[in-house]
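Just below is one structure, and these are the notes that go with it.
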Amino acid sequence: QVQLVESGGGLVQAGDSLRLSCAASGRYTMGWFRQAPGKEREFVAGLNSYGGNILYTDSVKGRFTIYRDNADNTLYLQMSSLKPEDTAVYYCAARGGHTIATARSNALYDYWGRGTQVTVSA
């Protein structure tokens, strides 16, 4: 049973930084997604089980950094220069099997955490 538990969300002001964590029960190719009210879930960033093949959505490039600590199977998302439009529930997700291909499509992720709320005030 794959378990993913996110933490680190909160209420911050525009321009602030925040770091999200996702504790995983194993080592997988993983990604961060987010869903704002009334919008579809969208890909934010991802990397493979070795920490490579890193992808970002254009709107967060230069502001967010995804990385992992394979010593304890934790995925991180360091978010800087936060904007009100970054407000969303952030989810971590994992791909099943042994794939090392990072993917942007949420349909290619098999396991999901429950999410953590990030709210950025203007």
Boolean, Gly38 is under 14 Å from the mean Cα position of the chain (by Cα) and outside any strand (DSSP E or B):
no
Mind counting the residues in the stretch 71-103 that are in a loop (DSSP other than H, G, I, E, B), closer than 19 Å to Glu6 by Cα and not polar (S, T, N, Q)?
5
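Residue under question is Arg95, and the condition is that it be surrounded by 16 or more Cβ atoms within 10 Å (Cβ to Cβ) and among the basic types (Lys, Arg); does it hold? Spell out the reasoning first.
Details: surrounded by 16 or more Cβ atoms within 10 Å (Cβ to Cβ): yes; among the basic types (Lys, Arg): yes.
Taking the combined requirement at face value, the residue satisfies it.
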Given the conditions (1) in a strand (DSSP E or B); (2) of a type in the set (D, E, K, R); (3) under 14 Å from Gly8 (Cβ atoms), report the number of the one that Arg68 does not fulfil.
(3)
Can you name the condition, by its number, that Glu6 falls short on among (1) at pLDDT 95 or above; (2) out of contact with any helix residue (DSSP H, G or I) (no Cβ under 6 Å at 6 or more places or on another chain); (3) open to solvent by 30 Å² or more (accessible area, probe 1.4 Å); (4) not aliphatic (A, V, I, L, M)?
(3)
So which residues in the stretch 55-86 are buried (at least 20 other Cβ atoms within 10 Å of the Cβ) and not aliphatic (A, V, I, L, M), if there are any at all?
Phe64, Arg68, Asp86
Selection from the stretch 19-35 of residues that are surrounded by fewer than 20 Cβ atoms within 10 Å (Cβ to Cβ) and outside any loop (DSSP other than H, G, I, E, B):
Arg19, Ser21, Ala23, Gln35
(1) of a type outside the set (Val, Ile, Thr); (2) farther than 17 Å from Trp112 by Cβ; (3) free of Cβ contacts under 8 Å to residues at least 24 places away in the same chain; (4) open to solvent by 50 Å² or more (accessible area, probe 1.4 Å): which one isn't true of Glu40, the others all being true?
(2)
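With respect to Thr87, determine if the residue is within 12 Å of the chain's Cα centre (by Cα) and of a type in the set (Val, Ile, Thr).
Values: within 12 Å of the chain's Cα centre (by Cα): no; of a type in the set (Val, Ile, Thr): yes.
So Thr87 does not fit the description; no.
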Which residue pairs have Cβ atoms under 8 Å apart, sit 6 or more places apart or on different chains, and have a first residue in the stretch 108-122 that is in a loop (DSSP other than H, G, I, E, B) and a second that is buried (at least 16 other Cβ atoms within 10 Å of the Cβ) and among the hydroxyl-bearing types (Ser, Thr, Tyr)?
Gly113/Tyr91; Arg114/Tyr91; Gly115/Tyr90; Gly115/Tyr91
When you check Gly52 against the structure, is it over 18 Å from Tyr109 (Cβ atoms) and loosely packed, with under 13 Cβ neighbours inside 10 Å, yes or no?
no
Is there any pair linking a residue in the stretch 5-23 that is without any contact (Cβ under 8 Å) to a residue 60 or more places away in the chain to one that is outside any strand (DSSP E or B) and open to solvent by less than 60 Å² (accessible area, probe 1.4 Å), with Cβ under 8 Å and at least six apart or on different chains, and which?
Ser21/Gly8; Ala23/Asn73
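The values are calculated or read from the model by the stated rules, or taken from the named source; none is laboratory data. Just so you know, these numbers come straight off a predicted model, no measurement behind them. Every residue, glycine among them, receives a Cβ derived from its backbone with ideal geometry; neighbour counts consider all protein chains shown. In case anyone asks, the SASA skips ligands and DNA or RNA and just uses the protein heavy atoms, side chains included. Shrake-Rupley method; radii C 1.70, N 1.55, O 1.52, S 1.80 Å.
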